[in-house]
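Here's the structure, in structure tokens; my notes come after.
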Amino acid sequence: MHGIDVAADGEVHVSLETSDFIIMLPYSDTGRGRLIGIVHASRTAGAGPYTFDNVGHSALSSLGLRVDQVHWFSTYRVHHRVTSHYRSGQVFLVGDAAHVHSPAGGQGMNTGIGDAVNLAWKLAAVVRHEAPDSLLDSYETERLAFARKLVDTTDRLFNFITAEGNFADFVRTRIAPLFATVAYGVDAVRELIFKIVSQITISYHDSPLSTGSAGSIKAGDRLPWVEADGVDNHAPLEKIDWQVQVYGEAGDGLRAWCLLHGMPMREFAWTARHEAAGFARNAYYLVRPDGHIALCDPGRGPDALAHYFRDRAYRRFCD
């Protein structure tokens, strides 16, 4: 799509008309972008093929958008489904093969990437004979619950967008925009929306790979991001591998264990920002290759770390 008008300013725009829904996703601020909308049966003579003429142009007008040229147009039917199992023997389902839902919320790509990252490091560990095959079972445990929640959420959102009738029109065109405007003006709400859409709030608290808590952080949480005194605690995550992070001072025994077993350990000088993020001073956090926390230990000794890998028969870090 190519058009130069008010909405083609590089920002995302949404139109909630009486009977139409359109979202404008810009590629740049030069007028190129992608439009996602709904083709209502009332505008079609049958099963298709549909064209751009079947789109509700009143919604485009409400955005202040004029479409000069359509480069690509496609239609599809929205489905909401999720598999009952992510694994069957040596076969694993990832992304759209495991869960299909409407594009509402823009969560499809992030979810597929999350599936792939979760599975990839576990497959690598098993293939290298560093961990038992049972590690792969945690893939379904961790990702299936989130997929079910996501599909249910996008289904509800899509039904709200497409609901017909006078009351539905009133809520969608009058109540929802007012509520959204007020809510988005609150910093805490904007931050929460960002965290949800970016999926950084996903946790694996019920995973067999999650043990313990320290401060307000629980095993299974994504490692909170903190930058203090020019030091970024996420920078070491560029290397996709296990690591231990300590906020404060590590114990000598922990240092010795990590050195003996080839476990990278990062120590961060304690600051108020670490405390605000929920870390406990001098506690250590075992971080998985995907950036989630596997073990939280408020102590300074290596016993919990040694037991963690021994109990899971993770040979790479066993004595």
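The values are calculated or read from the model by the stated rules, or taken from the named source; none is laboratory data. None of these values were measured; they are calculated from a predicted model. Here the Cβ positions follow ideal geometry from the backbone for every residue, glycine too, while neighbour counts run over all protein chains shown. Each accessible area value is taken on the protein alone, full model and side chains, heavy atoms only, with ligands, DNA and RNA left out. Shrake-Rupley method; radii C 1.70, N 1.55, O 1.52, S 1.80 Å.
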Q. To the nearest 10 square angstrom, what accessible area does residue 300 show with a 1.4 Å probe?
A. 100 Å²
(Q) What does the charge count around residue 281 come to, taking other residues whose C-beta lies under 10 Å from its C-beta (Lys +1, Arg +1, Asp -1, Glu -1)? (A) -2
Q: Let me know the charge dipole size of the range 219-289 about its Cα centre in debye, to the nearest 20, where only the beta-carbon of Lys, Arg (+1) and Asp, Glu (-1) is charged.
A: 180 debye
Q | Local net charge near residue 236, Cβ-Cβ under 15 Å (Lys/Arg +1, Asp/Glu -1) | A | -2
**Q.** Per-pair calculated FRET efficiency, R0 = 51 Å: residue 81 and residue 260 via Cβ, rounded to 0.05
**A.** 0.60
(Q) Please list, by residue number, every one of the chymotrypsin sites (Phe, Trp or Tyr not before Pro) in the range 63-136 that is coil in DSSP and has at most 15 other beta-carbon atoms within 10 Å. (A) 72, 73, 76
Q) Counting only the heavy atoms of the protein chains, how much of residue 227 is accessible to a 1.4 Å probe, in Å² to the nearest 10? A) 80 Å²
Q. Once you list every other residue whose beta carbon is under 13 Å from the beta carbon of residue 208, what net charge do they have if Lys and Arg are +1 and Asp and Glu are -1?
A. -2
(Q) I need the calculated FRET efficiency for the pair residue 234 and residue 97, taking r as the beta carbon distance and R₀ as 25 Å, to the nearest 0.05. (A) 0.25
